[in-house]
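To start, the structure under review is shown below, and the notes come after it.
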Amino acid sequence: MPEVRLVNVTKRYGRILANDHINLTIRDGEYVSVIGPSGCGKSTLIKSIAGIIEPDEGEIYIGGRKVNNIPIEDRGIGYVFQDIALFPHMTVWENITYGPNVKGFPPEETEMIAQEIIEMIKVSARVDAYPDELSGGTQQKIAVARALMSRSSLMLLDEPLGALDLKVRAVLRYELRRIAKDLGITVLHVTHDQEEAMSISDRVVVMRKGRIVESGKPIQLYMRPKNLFTANFVGEANFLVGNIEKVSEEGLLIDLGDGLKVVSTEAKGNIGDRVVVAFRPEFVVLGGKTDKNIFSGEITRIVYSGSLVRITVETPSGDEILIKKSLRFGESPPETGEKITFSVPPENVLVYPYPEAGLHRELSLE
């Protein structure tokens, strides 16, 4: 299984800096996803590793071998695109075995490996079908199988599920992870779908404006993101601005103005520091008996999404707070115009230094 290592990888398109001194290591057998806003450089990154694009600066190593200027076919990778580029005039079997046959691999070996992969992806009943006779999900499975037939231990997935329906994506993404783990393959998966990345990855890399902002295990990025951009981009969060009033062993007391104060169990900061308070909408507690972090406001909008209801509340200071609440069977949610109180547990209150460029620019997805 190869380790992938990027050292100061940089790529420019005129004045646009698509990748800005990227340093990244993908460990043997690791399933890593790259996410970020459109135009952040994630596709340029994966294409540079594949050899489709050559970086202007920096080195790329696969399995300890420097692969700069080495053709894509000699890098020992499997590559799956968003567009399902199967040969329409070939059957499933012919598509899957095309690569080994062209390269002159022994027929017996090709057939044995192909049979194993076909059983693994569960398409043995469709080996004689043509691509236009298959569903989008099955076609993408065939594309994955064809990449696996390269017998590479490194798989590059470039938005592989983007063209599929929501339910098909939800099923196939777990199939991709299962196959990768069963075969011990190292995977780099580029996607615009945060849920996809968070649900199947060992580690997620967040990019912005050509740089890596943060990387870590999915639960780390969601529960304790290190910076404001990640807190905003990964999932949803509420942001309020205040000043640290007190620092103690229990954490921070932050003055948000208008007589509202919140407590956080975080302990970084000094009295007087201007900070941004962040908390996830699903950690907000409606009503309840508590004496900490109590808010009040009027419901201005309610959006239903199955069993989940999204409640927007305007506080007396004019801030809008998003609350997510799961409804139990038969439970009636609050109504628009209703005045409510709610709270946020101190352990769920994140605190960040106020950004020099301003909060709006720091959270911007452009």
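Since every read-out is calculated from the coordinates, none of them should be taken as a lab result. As the structure is a prediction and not an experimental result, all values here were calculated from the model. Cβ sites come from the backbone with ideal geometry, for glycine too, and all protein chains shown count toward neighbours.
The table that follows gives values for the structure above.
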quantity	calculated
Label-zone membership for the stretch 46-80, site R12, 7 angstrom Cα→C-beta point, backbone N under 13 Å	56-58
Kirkwood-based Rg to Rh ratio, the stretch 2-83, C-alpha trace	0.93
Spin-label model distance (nm) - E331 vs K167, 7 Å beyond Cα toward Cβ	2.6
Restricting the stretch 222-278 to GluC sites (Glu not before Pro) in coil, as DSSP defines it, with at most 16 other Cβ within 10 Å	E236, E249, E250
Virtual spin-label span in nm between V241 and E3, 7 Å along Cα→Cβ	4.4
Net lengthening on full extension, D128/Y304 (0.36 nm per residue, minus Cα-Cα)	58.9 nm
Ratio of the Cα radius of gyration of the chain to 2.2 N^0.38 Å, where N counts its residues	1.19
Qualifying chymotrypsin sites (Phe, Trp or Tyr not before Pro) in the stretch 296-366, DSSP loop, other Cβ atoms within 10 Å at most 15	F329
Per-selection Rg to Rh, the stretch 236-363 - Cα, Kirkwood hydrodynamic radius	0.99
DSSP-loop trypsin sites (Lys or Arg not before Pro) across the stretch 1-41, with at most 15 other Cβ within 10 angstrom	R15, R27
Nitroxide proxy distance, nm - points 7 Å out along Cα→Cβ at A357 and E195	3.0
Over 19 Å (Cα to Cα) - which of K268/K324; K167/K217; K226/K268; K181/K226; K47/K103 fall in this group	K268/K324; K167/K217; K181/K226; K47/K103
